[in-house]
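*Asks:* Take this structure, written in structure tokens, and hold onto it; I'll ask about it next.
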Amino acid sequence: MFRKREKRGMPMLNTTSTADISFMLLIFFLVVSSMDIDQGLLRQLPSKDKESIQETTLVDKNQLMQLAITADNVLLIDGVPTDISQLRPALQRFIARVGANHLVSLESHPAALYDTYFHVQHEMMLAYKNMRDAYSMKKYGKKLQELNNEQRQNVLEQIPQHIAEVYPKPGEGLDND
């Protein structure tokens, strides 16, 4: 009458397919998620060498626009303090007056904020974009992005981007300290 009691084991969860499911979810999220690529400005940074070779070039002052960012984040256009919002129209007038032989020199004090430098670069790129779009509309009746490669190359030759960045050495240039 007494029955022998059977030993019961602990109930177990079957986890054989857990690794497969995790792998499938990982693949799903990699495929579905977007990988945004940050876009930046194409610039050549100065070399790390302290004794880098610098070339001296003679430039006609009438074909040169000097931009400078001081240590206290003030933009100077040819030595005159100017608001950054005025850079685009000033640069467009300069390019229209001088033509393809223009040169824009940008010097930034090492203590200047990167945000100021970025806004100056952004305004310069917009000035070139506006000039190129206006030229392509006048010549081809389309914006630069809508042109074929040959037409686009012609516009880029007519309105080239000539920007020289000057990196002052300590004790030189825009030291306002």
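The values are calculated or read from the model by the stated rules, or taken from the named source; none is laboratory data. Fair warning: this is a prediction, and the values are worked out from it, not measured in the lab. All Cβ positions, even for glycine, are placed from backbone atoms using ideal geometry, and neighbour counts span all protein chains on display. Surface accessibility is based on the protein's heavy atoms, side chains included, excluding ligands, DNA and RNA. Shrake-Rupley method; radii C 1.70, N 1.55, O 1.52, S 1.80 Å.
*Asks:* Rounded to the nearest 0.05, what FRET efficiency is calculated for M125 and Q145 with R0 set to 22 Å and r the Cβ-Cβ distance? Intermediate results must be reported in sequence, preceding the final value.
*Replies:* Working: r = 14 Å, r/R0 = 0.64.
The calculated FRET efficiency here is 0.95.
*Asks:* Also, I was wondering about something else. Ordered by residue, what ³J(HN,Hα) values in Hz, to whole numbers, does the range 98-108 give under the Karplus form 6.51 cos²θ - 1.76 cosθ + 1.60, where θ = phi - 60° and Gly and Pro are x?
*Replies:* Whole-Hz 3J(HN,Hα) from phi for the range 98-108: 8, x, 6, 8, 6, 9, 10, 9, 10, 10, 10.
*Asks:* Here is a further query. Modelled label-to-label distance, S17 and L64, 7 Å Cα→beta-carbon offset: nm?
*Replies:* Using points 7 Å along Cα→Cβ, the separation is 7.5 nm.
*Asks:* Count the net charge of all other residues whose Cβ sits under 13 Å from the Cβ of Q63, scoring Lys and Arg as +1 and Asp and Glu as -1.
*Replies:* Numbers: positive: K61, R97; negative: D60, D78.
It works out to a net charge of 0.
*Asks:* Hey, any idea what % of the range 57-167's accessible area is carbon plus sulfur with a 1.4 Å probe? Working shown, then result.
*Replies:* Values: 3290 of 6350 Å².
Exposed carbon and sulfur together represent 52 percent of the surface.
*Asks:* With every protein chain kept in place and ligands, DNA and RNA left out, what is the accessible area per residue of the range 80-177? Probe 1.4 Å, answer in Å².
*Replies:* 60
*Asks:* Residues with amide H under 5 Å of S108's amide H, sequence separation 5 or more or different chain, H placed in the peptide plane at 1.01 Å from N; which?
*Replies:* Answer set, sorted by chain and number: I69, V166.
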